[in-house]
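Report on the following structure.
The values are calculated or read from the model by the stated rules, or taken from the named source; none is laboratory data. This is a predicted model, so every value here is computed, not measured. Using ideal geometry, Cβ is built from the backbone for each residue, glycine included, and neighbour counts are taken over all protein chains shown.
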Amino acid sequence: MMRYYFDLRDGDSSLVDHVGLELANLDAAKMEASDRLTSFVKPYVKGGERRATAIEIRAGNRLVFTFKIILEKGSSGRR
């Protein structure tokens, strides 16, 4: 088991995870990060403002993966 930390970056704000979560491997940490990021941005999906949010996964002090999501109103006319 490895302890992974999930730091949230939202625009100019950040929230550093000081507790972390013990998980079996990096794939499990990626799934956890995906769930957390999805839950965080869900309230903003219907809004029209641009929002850039990321979760950085750390193992100790080492960055091992970053999930980024950008919400913005499209103007290309594609569906």
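Here are a few things to note about the model shown:
- If you check ARG62, ARG79 for being at pLDDT 85 or above, loosely packed, with under 10 Cβ neighbours inside 10 Å, more than 13 Å from the chain's Cα centre (by Cα) and among the basic types (Lys, Arg), only one passes: ARG62.
- Beta carbons closer than 9 Å, at least 6 apart along the sequence or on distinct chains, pair a first residue in the range 7-27 that is assigned to a loop (DSSP other than H, G, I, E, B) and at pLDDT below 95 with a second that is of a type in the set (Gly, Ala, Ser) and surrounded by fewer than 15 Cβ atoms within 10 Å (Cβ to Cβ) for GLY11/ALA52.
- Matching residues, the range 33-59, being among the charged types (D, E, K, R) and over 9 Å from the mean Cα position of the chain (by Cα): LYS42, LYS46, GLU49, ARG50, ARG51, ARG58
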